[in-house]
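Worksheet: the structure to be examined is printed underneath.
The values are calculated or read from the model by the stated rules, or taken from the named source; none is laboratory data. Everything numeric in this text was worked out from a predicted model, so none of it was measured. When we count neighbours, we look across all protein chains shown, and the Cβ atoms used for this are built from the backbone with ideal geometry, even at glycine. Protein only, heavy atoms only, side chains kept; ligands, DNA and RNA dropped before computing areas. Shrake-Rupley method; radii C 1.70, N 1.55, O 1.52, S 1.80 Å.
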Amino acid sequence: MEIVLSIAGSDPSAGAGIQQDLKTITAMGCYGSTVITALTSQNTLGVQDVMPVPGKVIGSQLQAILDDYNVKSIKIGQIPDIKAASTIVEKLQMLKQKNGTNPPIVYDPVMISTSGHRLMSSDCIQYIQQHLLPICFLITPNIPEAAQLLGHTLCTPSDYLQAGQDLVQQYGTNILLKGGHAQGDMMTDRLFLTNGSIHEYQEEKIDTTNLHGTGCTLSSAIASALAQGHNLEESVDRAKRFVSDAIRGGKDLHIGHGNGPIWKF
């Protein structure tokens, strides 16, 4: 069984973060291991509070897993501050020096929650742009996150195309620009590869407010497929189908009083 490592924050409502990553990795047929970067107080109504885990503790968690497990892929989610970011980068650089390469790293750049709560400090954003993004295999921003990384707004399909190409050029890594925030009844995710090719994944939006944790699910599903030996295009395709099935499975659930979770099982 292939081992996937999730480095992310904890969601006590279990619709996103580490908890949702573990559900996804398990459902994809892999073994999930975790490093918790932050404790959040949140539910389906939004995020109320965040407590970062000290960098030393993040480092010891990460070292414990890497010393014992043969990790085949890594998903990174919430990184609350620069201490957490620098610790993660340092450990991944040490792993690369030891093995000559890192397992593929899929980074979901969680910066602001859907309810508007800031999940990452501004100096941390600058640090990850300089040190973390260039060592990732895939970055999976939504439109607001891509705009944050590029420093300008994105409004039209031509803006999205240019943004994906600019991010690839800027960070030298593959980019999956998620289109869920775009207007219209169709959703288009675009995969921009470092070889210059672009792959589109288009489907009709599903009418539901139960979308909590879709980004976490997508990135951890991609990491799981990569761990199983699929190439990037096939991994994204498998993960997209997984998420769509989970949205359909959860669209009529009544869990909590706000934006409910998706459900694959």
Under a 1.4 Å probe, counting only protein heavy atoms, Ser121 has an accessible area in Å², nearest 10, of 30
Of the chymotrypsin sites (Phe, Trp or Tyr not before Pro) in segment 122-210, which ones lie in a loop per DSSP and count no more than 16 other C-beta atoms within 10 Å?
none
For the chain, what relative contact order do you get, as a whole percent, if you take Cα pairs closer than 8 Å and at least 6 residues apart?
19
Cα gyration tensor shape for segment 111-176, rounded if a/c is under 1.5, else prolate or oblate
oblate
Leaving ligands, DNA and RNA out of it, rank Glu200, Glu234 by accessible area with a 1.4 Å probe, largest first.
Glu200, Glu234
Would you mind calculating the gained length between Leu161 and Met94 on full extension (0.36 nm times residue separation, minus the Cα-Cα distance), in nm to one decimal?
20.6 nm
Percentage relative contact order, segment 1-128, counting C-alpha pairs under 8 Å, at least six apart:
26
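In this model, which of Lys75/Lys98; Lys23/Lys91; Lys23/Lys178 are farther than 23 Å apart at the alpha-carbon?
Beyond 23 Å: Lys23/Lys91.
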Which distance in nm do the two modelled labels at Ser197 and Gln129 give, with both placed 7 Å along the Cα-to-Cβ direction?
3.1
Order of exposure, largest accessible area first, which applies to Tyr69, Tyr31, Tyr107 with probe 1.4 Å
Tyr31, Tyr69, Tyr107
Diffusion coefficient in µm²/s returned for the chain by Stokes-Einstein, Kirkwood Rh over C-alpha pairs, 10 °C and 1.306 mPa s, is 87
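Only Lys, Arg, Asp and Glu count, each charged at its Cβ (+1, +1, -1, -1), so figure out the dipole size of the chain about its Cα centre, rounded to 20 debye.
460
Let me make sure I get this right: for segment 40-172, a, b and c are the square roots of the gyration tensor eigenvalues over alpha carbons, sorted descending. Under 1.5 in a/c it's rounded, otherwise prolate if a/b > b/c, else oblate. Which is it?
Since a/c reaches 1.5 but b/c is at least a/b, the shape of segment 40-172 is classed as oblate.
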Taking Asp67, Asp245, Asp81 and ranking on accessible area (1.4 Å, protein atoms only), highest first, one gets Asp67, Asp245, Asp81
To the nearest 0.05, what FRET efficiency results for Asp207 and Leu39 with a Förster distance of 30 Å applied to their C-beta separation?
0.35
Looks like segment 150-265, by Cα gyration tensor root eigenvalues a ≥ b ≥ c and the a/c under 1.5 rounded cutoff (else prolate when a/b is bigger than b/c, oblate otherwise), is oblate
Taking the Cα-to-Cβ direction at Glu233 and at Asp185 and moving 7 Å from each Cα, how far apart do the two end points lie in nm?
3.0
Using 7 Å Cα-to-Cβ label points, what is the Thr101/Asp245 separation (nm, one decimal)?
2.9
CD proxy, 222 nm, the chain: helix-only mean residue ellipticity via -39,500 (n - 2.57) per DSSP H run with n ≥ 4, per residue, nearest 500, stands at -12500 deg cm²/dmol
